[in-house]
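Single-structure report; data block below.
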Amino acid sequence: MTTTILRPLALALAAALSMGIGSVAMAQSSHGEHAGHGGAASGSATAEMTEATVRKVDKAAAKVTLKHGAIKNLDMPPMTMVFGVKDKTMLDSLKAGDQVRFIAASESGQYVVTMIQVVQ
Ligand SMILES: [Cu+2]
């Protein structure tokens, strides 16, 4: 009686353990890769996307304040800062508090968001 209950339990536990460890590692590596693949699919050598939280949107000045993670292509650590945007209409769908992914570039001494999307 006890063995029929315990054996499946032990198997399930072992499976859950190995799956748990496996999925944690996968979640971490696939996270960054997903963002990169999504953006890089069409234009091969494009920069990786960076996650950020929108702090402020200034449509009149075509600027957006982002609390961003490390931006690899700009060699920039995580911080909150103001970016210009390539196109003002990029700000239409953004509001303070939004979680976003974006790509920024340095253009004539200014940091400019070239691509941004809200993360659902
Ligand atoms: Cu920055």
Given the conditions (1) open to solvent by 70 Å² or more (accessible area, probe 1.4 Å); (2) closer than 17 Å to A62 by Cα; (3) within 11 Å of the ligand (Cβ to nearest atom), every one holds for K86 apart from (3)
Of the residues in segment 89-117, those that are closer than 12 Å to E51 by Cβ and either loosely packed, with under 13 Cβ neighbours inside 10 Å or at pLDDT below 95 (or both) come to Q99
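The values are calculated or read from the model by the stated rules, or taken from the named source; none is laboratory data. As the structure is a prediction and not an experimental result, all values here were calculated from the model. Please note: Cβ atoms are built from the backbone with ideal geometry, for glycine as well, and neighbour counts cover all protein chains shown. The accessibility values were calculated without ligands, DNA or RNA, using every heavy atom of the protein model including side chains. Shrake-Rupley method; radii C 1.70, N 1.55, O 1.52, S 1.80 Å.
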